1. Pop the C-beta distance of Asn286 and Lys170 into the FRET formula with R0 = 30 Å and round what comes out to the nearest 0.05.
2. Under a crude label model (7 Å from the Cα following the beta-carbon direction), how far is Asp229 from Asp88 in nanometres?
3. Using a Gaussian network model of the chain with C-alpha springs under 10 Å, which one of Leu277, Leu255, Leu197 is most mobile by mean-square fluctuation?
4. Based on the mean of other beta carbon atoms within 10 Å per residue, what is the order of 42-52, 238-248, most packed first?
5. Sort 157-163, 261-267 by the packing proxy (mean of other Cβ within 10 Å over each peptide's residues), most packed first.
6. Tell me what the chain gives for mean residue ellipticity at 222 nm when only DSSP H runs of n ≥ 4 count, each as -39,500 (n - 2.57), the sum divided by the residue total, rounded to 500 deg cm²/dmol.
7. Report ³J(HN,Hα) in whole Hz for each residue of region 207-212, in order, from the Karplus equation J = 6.51 cos²θ - 1.76 cosθ + 1.60 where θ = phi - 60°; Gly and Pro get x.
8. For the pair Lys244 and Ile312, what calculated FRET efficiency results from E = 1/(1 + (r/R0)^6), where r is the Cβ-Cβ distance and R0 = 22 Å, to the nearest 0.05?
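The values are calculated or read from the model by the stated rules, or taken from the named source; none is laboratory data. Because the structure is predicted, anything quoted here is derived from the model rather than measured. No Cβ is skipped: glycine too gets one built from the backbone with ideal geometry, and neighbour counts run over all protein chains shown. Quick note on the areas: whole protein, heavy atoms, side chains included, nothing else; ligands and nucleic acids left out. Shrake-Rupley method; radii C 1.70, N 1.55, O 1.52, S 1.80 Å.
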Amino acid sequence: MKFITCASYYGTGSSAIIDLFSEFENTYSFGNDEFRFIHDPDGIRDLEYNLVENFNRHNSGHAIKRYIKLIDFYSSSFYGAKYEKLFDNNWKSKSLEYINSLTDFTYKGWWQYDLLDKGKVYYFRKRFINKILQMTIWKNKPERTLNTMKNEITYCSQPTEEEFLYKTKKYIENLFSDYAKDNKCIVADQLVPPTNLNKYIRYFNDIKIVVVDRDPRDIYLLEKYVWKDGIIPSEVEEFCKWFKYTRKHRDVDNLDTDNIKFVQFENLIYKYEETVLDLINWVGFNNKKHINKFKSLDPRKSINNTKLWKKIDCNKEEINYIEENLNKYLYKYYQ
């Protein structure tokens, strides 16, 4: 199964890649729906770390429970049930099948984080009862612990790296299998992050990842005057620190490989033909299959979202500050 996905740093316009490849005849695109279950906290990457890289009798079983909670959140939560819908009501069943395949055995048992997961009030109430017992009828037996979770299940799992990767690839392809019929390439947003990509590539048999960045001046102005959602800094000094912090990995990471390509958002607009042809050749598509050109990604429209410092009544000193501190990230329009 072949995947094309994009990765970004927030607000960089990476969905333009999804729009572009949705215009091809041989793809199935999920549009702007994001698939983050692989790399978000408690996702598959955390699962591998706890089961394979840093196995521990407590942490590993707990990591499985955390992933099961993520499964439940995206299948039954009023706000987050989208995966169940996107996978045609198969998200939960196929995900639990994956967990079962990773589990060696289970038993009735618990540890302190099982208590804590039920909330601090529950945790301290149960531990308080235990302390009272140790001070009274168990006074001479300080090692005794009250079993307050007799029906709690502990998961035991210790796969090899090879086993984990095999089962994870199978799981991911099983989720998307209904949409990959007739050899269609799956186009899905944010399957992986822009960082540590050599780890994430291992979860797929065939994936192309486009990392997208954008002129920091436009990102800053969009946050400060348009989005105003508070996810990234809107004070210029903090913004510059955040921008460098999130891109620091590029000093050592190679974002130009058979599986990874770095693209500047502005090049999809100002150098459209050249950039798109390069992407088509890189993923191995036939340019003749680009049957809906400009339907989803139209550079003539997207150009309105560039050079915002010339269109918005903004603080010019702040723009000067960004230009001085983030110079190497600025898009060079006249190169």
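1. Working: r = 29 Å, r/R0 = 0.97.
FRET efficiency, Asn286 to Lys170: 0.55.
2. 3.0 nm
3. Leu277
4. Numbers: 42-52: 19.7, 238-248: 15.6.
The packing order, highest mean first, is 42-52, 238-248.
5. On the way: 157-163: 14.6, 261-267: 19.9.
Packing proxy ranking, top to bottom: 261-267, 157-163.
6. Details: 15 runs with 136 residues, N = 335.
Rounded to the nearest 500, the figure is -11500 deg cm²/dmol.
7. For region 207-212, the Karplus curve yields 9, 10, 10, 10, 8, 10 Hz.
8. Numbers: r = 23 Å, r/R0 = 1.06.
Plugging the Cβ-Cβ distance into 1/(1 + (r/R0)^6) gives 0.40.
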